[in-house]
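Notes for the one structure printed next.
The values are calculated or read from the model by the stated rules, or taken from the named source; none is laboratory data. This one's a predicted model, so the numbers in the text were calculated from it and none came from an experiment. Note that we place each Cβ from the backbone using ideal geometry, even for glycine, and neighbour counts take in every protein chain shown. With ligands, DNA and RNA removed, areas are computed over all heavy atoms of the protein, side chains included. Shrake-Rupley method; radii C 1.70, N 1.55, O 1.52, S 1.80 Å.
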Amino acid sequence: MTAWLQAIRAGGSHFKYTLDWVSCFALAVNEENAAFGRVVTAPTNGAAGVIPAVLMYYIAFCNEQESSAALEEKIYRFLLTASEIGSIFKKGATISAAMGGCQAEIGVSSAMAAAALTEALGGSQKQTLMAAEIAMEHHLGLTCDPIGGLVQVPCIERNTMGAIKAITACQLALQSTPDFGIVSLDKVIKTMWETALDMNSKYKETADGGLAVHIPISLADC
């Protein structure tokens, strides 16, 4: 275990402390992206911080008793689960904010992370799908209105919101009985796509509406 991970764990696991670290993980990835560094576009550059933040939450706060081999296997399964959920959204709707608004980026990344965390924590297949559904259900209609056309404001902070929603969706799914659920993942994906088609183009990464036209900003340094 690396020294920095030990230091994080030494701080405990109370809510505010954990929340701060999850937000920090998400912000760090997207600051790296904004600085033209290398990130994994999962599912996109603007939403690249959600899945790493939730994975680091699992590593730092949820698996202290696991061996290195067991943790490595969980990480593989986490990433495979996230990838499959992302693939389902790509096939049934979109992962592009230019096509569907930010629900297609932060929303999808949150659903991917929620499902992955649920699987890693021992959830059933149905609970895993339920977690993805819950996460996306509460991102429906989210617009993409980047100030200056850059995936920085509100995008970087929005990754922290997506990560926290993913963790919450996981917790809800793990405490639920999916057979009694009313909304399915398939129905949420269909609704997301229909919402994307109805959304005005000025809320689809064009910077022609929303925060992009109400917040003055100088881009001299960009």
* To do: Just the number, please: carbon plus sulfur as a percent of the accessible area of the chain, 1.4 Å probe, no ligands or DNA/RNA counted.
  => 58 percent
* For Thr41 and Ser176, calculate 0.36 nm times their separation in residues minus their Cα-Cα distance, and state this gained length in nm to one decimal. => 45.5 nm
* Taking the Cα centre of segment 1-99 as origin, work out the dipole magnitude from +1 charges on Lys and Arg Cβ and -1 charges on Asp and Glu Cβ, in debye rounded to 20. => 240 debye
* To do: Identify, among Ile75, Ile95, Ser23, the residue whose Cα sits farthest towards the positive end of the charge dipole of segment 22-103, taking +1 on the Cβ of Lys and Arg and -1 on the Cβ of Asp and Glu, with the dipole about the Cα centre.
  => Ile95
* To do: Provide the net charge surrounding Gly149, with neighbours chosen by a C-beta distance below 13 Å and charges set as Lys +1, Arg +1, Asp -1, Glu -1.
  => -1
* Structure fact -> Toy charge model, Lys and Arg Cβ at +1, Asp and Glu Cβ at -1: the chain dipole around Cα centroid in debye, rounded to 20, equals 140 debye
* Asked: Quick one: Kirkwood hydrodynamic radius for segment 71-143, alpha-carbon pairs, angstrom, one decimal?
  -> 12.0 Å
* **Cα point-scatterer Debye curve for the chain, base-10 log of I(q)/I(0) at q = 0.09, 0.13 Å⁻¹** => -0.35, -0.72
* To do: Can you spot the aspartates and glutamates whose alpha carbon is less than 12 Å from Lys187's alpha carbon? Ignore those fewer than 8 places along the same chain.
  => Glu133, Glu137
* What aspartates and glutamates sit close enough to Lys202 to cross-link, taking a C-alpha to C-alpha distance under 20 Å and skipping anything fewer than 8 places away on the same chain? -> Glu105, Asp145, Glu194
* Ala70 versus Trp4: modelled label distance in nm, points set 7 Å from Cα along the beta carbon direction -> 2.6 nm
* Asked: HN-Hα J couplings of segment 187-193 from phi, Karplus 6.51/-1.76/1.60, θ = phi - 60°, integer Hz, Gly and Pro as x?
  -> 5, 5, 5, 4, 5, 4, 5
* Roughly speaking, what is the centre-to-centre gap between segment 147-169 and segment 33-107 when only Cα atoms are used, to the nearest Å? -> 13 Å
* Structure fact -> Only helices counted: for the chain, with every DSSP H run of 4 or more residues adding -39500 (n - 2.57) and the sum spread over all residues, [θ] at 222 nm is -19500 deg cm²/dmol
* Candidate residues Leu185, Leu211: accessible-area rank, largest first, probe 1.4 Å -> Leu211, Leu185
